[in-house]
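Asker: Below you'll find the structure I mean.
The values are calculated or read from the model by the stated rules, or taken from the named source; none is laboratory data. Small disclaimer: the values here were computed from a predicted structure and weren't measured. Quick reminder, even Gly has a Cβ in these numbers, built from the backbone with ideal geometry, and neighbours come from all protein chains shown. Keep in mind that these areas ignore ligands, DNA and RNA; they rest on the heavy atoms of the full protein, side chains included. Shrake-Rupley method; radii C 1.70, N 1.55, O 1.52, S 1.80 Å.
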Amino acid sequence: MQTLALPVLLLSLLVYGCTAEKAPAPDSGITVTACDTAVITSAYILTAVSDKCTSRGCHKGTGSTASTDFTTYSGIKGYITSNEALWKSRVTGADADMPPGSSKLSQGMKDSIDCWISHGMPE
């Protein structure tokens, strides 16, 4: 008789759950965004930056772009750490002008980079 109690209890909960009015989600005052839980790796960022920023000979840490070596994780992180406002303005901001021409970053990529930065640029 006792083995019947658990299935009856579970069935009762299921029926009640399906017929009860759905309660509104609690309002904690905190807005959760995808960045809050996103795991963005340095490898992903390095691949994207390499594709857009070093593939045409730019930002390889040589010549006129010697101070902007985006070919390595440490190069990207070092530059952003020293120039975060400039990076955001020129690369991920609304009026970003880098990379130039048709190589513009998608909004999703800009958001991913900003998220990665806000998480401390984890390796």
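Asker: Leaving ligands, DNA and RNA out of it, work out the accessible area of Ser106 with a 1.4 Å probe and give it in Å² to the nearest 10.
Answerer: About 70 Å², rounded to the nearest 10.
Asker: Oh, and also: At 1.4 Å probe size, put Asp111, Asp95, Asp69 in order of accessible surface, largest to smallest.
Answerer: Asp95, Asp111, Asp69
Asker: Could you look at region 30-71 and say what percent of its accessible area is carbon and sulfur, using a 1.4 Å probe and all protein chains?
Answerer: Whole-percent figure for carbon plus sulfur exposure: 59.
Asker: What is the sum of charges, Lys and Arg at +1 and Asp and Glu at -1, for the other residues whose Cβ falls under 9 Å from the Cβ of Ala96?
Answerer: +2
Asker: In what sequence, largest accessible area first, do Leu46, Leu105 appear using a 1.4 Å probe?
Answerer: Sorted descending by solvent-accessible area, the residues read Leu46, Leu105.
Asker: Could you compute how much accessible surface Cys58 exposes when probed at 1.4 Å, giving the result in Å² to the nearest 10?
Answerer: 50
Asker: Where does region 36-108 land on Rg(C-alpha)/(2.2 N^0.38 Å)?
Answerer: Dividing the Cα radius of gyration by 2.2 N^0.38 Å gives 1.07.
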